[in-house]
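Accompanying notes for the structure given below.
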Amino acid sequence: MTDSSSAGGQKPKLDASVPHSARVWNYWLGGKDNYPADRSVGDQVMAMFPDITRLARADRAFLGRAVRYLAGEAGIRQFLDIGTGLPTANNTHQVAQPIAPESRIVYVDNDPLVLVHARALLTSTREGACDYIDADLRDTGKILAEAAKTLDFTQPVALMMLGIMGQIPDSDHPESIIKRLTDALPAGSYLTLSDGVNTSETFTEAVRHYNENSASTYHPRSPEQITSFFEGLEPVEPGVVPLMQWRPEATPFPDTGEVPGYGGMGRKP
Ligand SMILES: C[S@@+](CC[C@H](N)C(=O)[O-])C[C@H]1O[C@@H](n2cnc3c(N)ncnc32)[C@H](O)[C@@H]1O
């Protein structure tokens, strides 16, 4: 595990009294790694926008389908998962390694509680590898330098950015963060990205309430803005679409209703 706490950017401290995005997300996913302050704002958002838990689950289901596609059809064996979140069901290595046990996964998050629980993310197969970097997404130089200890950047890498770009305000130039990361990857690498969108007024209102009561802020963007994050990459079918429409798989009880989240994938030519 690597700690980049000395690197630039604000380093969040473990403060149980203020809601943190990783812990509130964990609460909406039905997890237990959260505090009363997280549950309180989590409940308030749920009262304003009850579909928030479906959005969180749709995002995790998208992660599963994307990693199955990458490890299966696309033959990817290296994953850089930034904004990992607290360990939950079907983390990236738990989806990739049953398909390709030699898969190597590096997780990155800046939340102190995710660091505490990171051991659950490091249960790699013997043939593969898992590592965890405690770093801020904006510190791309540090992330790439530390990830290179586990990943071979001469071979394709799948960059996973789920529910993380919305954590970055426009003033921090999100597109340049993505460019710095994708520029470091060889041809044949992939970007997978998902985020909440601003197409639902009730969701946007609920996010505004969350932002006024939390340690950090979230910024839902338009589907077009999310699509623009893939500039310079070849779109993987079906493009950037509502989460549940991205390569849906047959399940006994499918949830097909809309949620204000989009996801997509692009391949570096
Ligand atoms: C909404 S959760 C998404 C978790 C997971 N990727 C998923 O889709 O289920 C956002 C995660 O990004 C992390 N995060 C937020 N801002 C970050 C930053 N600037 N650098 C690194 N991680 C960040 C939070 O700690 C949290 O774990």
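Read the figures in this text as sums done on the coordinates, not as results from a lab. Here the structure is a predicted model, which means the values were calculated and not measured. Please note: Cβ atoms are built from the backbone with ideal geometry, for glycine as well, and neighbour counts cover all protein chains shown.
Within the chain, the selection of entire DSSP H helices by a Cα span of 30 Å or greater along the long axis and an average Kyte-Doolittle value of at least 1.0 returns an empty list.
Stokes-Einstein diffusion for the range 139-234 at 37 °C, viscosity 0.692 mPa s, with a Kirkwood radius from C-alpha pairs, works out to 223 µm²/s.
Note on the chain: with a GNM built from Cα contacts shorter than 10 Å, the maximum mean-square fluctuation among His173, His117, His93 falls on His173. For the pair Leu14 and Glu237, the difference between a 0.36 nm per residue extended length and the Cα-Cα distance amounts to 76.3 nm. Springs between alpha-carbon pairs under 10 angstrom, Gaussian network model over the chain: which of Ser40, Ser103, Ser194 fluctuates most? So, out of Ser40, Ser103, Ser194, the one fluctuating most is Ser40. Normalising the average separation of contacting C-alpha pairs (under 8 angstrom, six or more residues apart) by the number of residues puts the relative contact order of the range 40-172 at 26 percent.
All Cα-Cα separations within the range 6-61 were binned at 5 Å from zero, giving a P(r) of 4, 19, 27, 21, 13, 10, 5, 1, each value a whole percent of the pairs.
Overall shape of the range 101-177 was characterised from the C-alpha gyration tensor. The equivalent ellipsoid obtained from it has semi-axes of 23, 16, 10 Å, in decreasing order. What residue among Ser171, Ser200, Ser17 shows peak mean-square fluctuation when the chain is described by a Gaussian network model with Cα springs under 10 Å? The residue with the greatest mean-square fluctuation here is Ser171. Radius of gyration (Cα atoms) of the chain, expressed as a multiple of 2.2 N^0.38 Å: 0.93. Principal semi-axes of the equivalent ellipsoid, √(5λ) from the alpha carbon gyration tensor of the range 1-109, are 28, 20, 10 Å from largest down.
For the listed residue pairs Lys149/Lys268; Lys11/Lys149; Lys32/Lys142; Lys142/Lys268; Lys32/Lys179, the alpha carbons are over 28 angstrom apart in Lys32/Lys142; Lys32/Lys179. Around the Cα centre of the chain, unit charges on the Cβ atoms of Lys, Arg, Asp and Glu (plus for the first two, minus for the last two) sum to a dipole of about 540 debye.
With the simple model of a label 7 Å out from the Cα in the direction of the Cβ, Arg57 to Thr154 spans 4.6 nm.
Roughly how many debye, to the nearest 20, is the charge dipole of the range 96-236 about its Cα centre, given +1 on each Lys and Arg Cβ, -1 on each Asp and Glu Cβ, and no other charges? Show your work: numbers first, answer last.
Values: 10 positive and 21 negative charges, 76 e Å.
In total the dipole reaches around 360 debye.
Quarter the surface of the alpha carbon convex hull of the range 30-74 and you get the mean projected area, 3.8 square nanometres.
With viscosity 0.890 mPa s and temperature 25 °C, the Kirkwood radius over alpha carbon pairs of the range 65-141 converts through Stokes-Einstein to a diffusion coefficient of 196 µm²/s. With helices as the sole contributors, the chain gives -10000 deg cm²/dmol at 222 nm; each DSSP H run of n ≥ 4 counts as -39500 (n - 2.57), and the sum is divided by every residue. Remark: relative contact order (the chain) = 20 percent; criterion is Cα-Cα distance under 8 angstrom and separation of 6 or more residues. Among Leu63, Thr84, Leu29, flag the residue with its Cα farthest along the positive direction of the charge dipole of the range 1-97, charges on Cβ as +1 for Lys/Arg and -1 for Asp/Glu. The residue sitting most towards the positive pole is Leu63. All C-alpha pair distances within the range 47-188, sorted into 5 Å bins from zero, spread as 2, 10, 19, 23, 22, 15, 6, 2, 1, 0 percent across the bins.
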